[in-house]
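I have a structure here, written as structure tokens, and I will follow up with some questions on it.
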Amino acid sequence: MTICRPQSRKGFGVMGIRTSGYILIILGVLAILFPFVSAISLSVAFGVIFLFAGISHFSAVWKKNVEGHVQHLVLALLYLAGGAGMILFPLMGVMSLAIILGISLIAQGIAQLIIFSKVTASNKWLLAISGGLGVLLGCYILFDLPLAATWVVGTLAGINLLFTGFTLLAISSALPRTGPDA
């Protein structure tokens with residue numbers, strides 16, 4: 001008697017990781033070359049995500065076994081309004097993303113400067129440099145609005161895509177090559 005065992009796919013495979021890396025590198029280069037277009041695309045993408053979150057919270061309002069119906073209704077309305085706003089008015093969405101980015105960089109920089117003042121490690125100067133640059137970049141973004149919003153969001157998204165793509169390429173080259181996609 002022969003037992004048929006289906007082939008199990010235990011993951012994405014080396015080629016899949018490598019292909020994803022190349023795709024992310026290409027998208028990163030395009031985002032850096034066309035930062036305004038990529039920022040608009042991010043705004044619309046976040047708008048769609050917010051719409052789905054709003055629909056999810058709205059569906060929880062009508063479920064009997066879920067507590068906090070009013071909270072879910074309020075969250076649903078906020079997510080739906082925010083998502084619709086980012087899709088219908090993507091420039092305002094880009095401005096919102098730039099403001100959030102600027103505030104986040106300032107907050108992270110201040111936190112790093114506070115940690116710098118309390119750490120006794122020999123290489124703590126890296127925290128001071130990183131924290132100082134974070135505060136400066138965050139202030140630059142906030143004080144240069146709306147102009148900064150047109151390029152900062154897309155450029156930083158492109159840089160992130162590039163680094164993620166190169167990371168996936170490095171991971172794929174370190175993985176053992178076994179199976180049909182080696």
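Laboratory data are not the source of any read-out in this text; all were calculated from the coordinates shown. Predicted model only: the values in this text are computed from it and were never measured. Note that each Cβ is placed from the backbone with ideal geometry, even for glycine, and that neighbours are counted across all protein chains shown.
For the pair F36 and F89, how long in nm is the line joining their label points, each one 7 Å along Cα→Cβ?
Label-label distance for F36 and F89, simple model: 2.0 nm.
Restricting attention to the stretch 22-119, which trypsin sites (Lys or Arg not before Pro) occupy a DSSP loop and are surrounded by at most 16 other Cβ atoms within 10 Å? Write out the running numbers ahead of the final one.
Values: sites: K63, K64, K118; in loops: K63, K64.
Sites meeting the loop and neighbour criteria: K63, K64.
Among the chymotrypsin sites (Phe, Trp or Tyr not before Pro) in the stretch 26-83, which ones are in a DSSP loop with at most 15 other Cβ atoms within 10 Å of the Cβ? Mind listing them? Show your work: numbers first, answer last.
Numbers: sites: F36, F46, F50, F52, F58, W62, Y79; in loops: W62.
In loop regions of the stretch 26-83 (DSSP not H, G, I, E or B), the sparsely surrounded chymotrypsin sites (Phe, Trp or Tyr not before Pro) are W62.
Also: Can you give the extra length, in nm with one decimal, that the chain gains between V29 and T167 once fully stretched, where that is 0.36 nm per residue apart less the Cα-Cα distance? Present the calculation step by step, with values, prior to reporting the outcome.
Values: separation 138, 0.36 × 138 = 49.68 nm, distance 1.50 nm.
Between V29 and T167, full extension yields an extra 48.2 nm.
How many angstrom lie between the Cα centre of the stretch 24-75 and the Cα centre of the stretch 101-140?
Cα centres, the stretch 24-75 to the stretch 101-140: 30 Å.
Out of [x] -0.87, -1.01, -1.05, -1.09; [y] -0.57, -0.76, -0.86, -1.05; [z] -0.56, -0.78, -0.91, -1.22, which label holds the value of log10 I(q)/I(0) by the Debye sum over Cα atoms at q = 0.12, 0.14, 0.15, 0.17 Å⁻¹ that was computed here?
[x]
With each pseudo-label sitting 7 Å past Cα toward Cβ, what's the Q108-D144 distance in nm, one decimal?
With each label placed 7 Å out from Cα toward Cβ, I get 1.7 nm.
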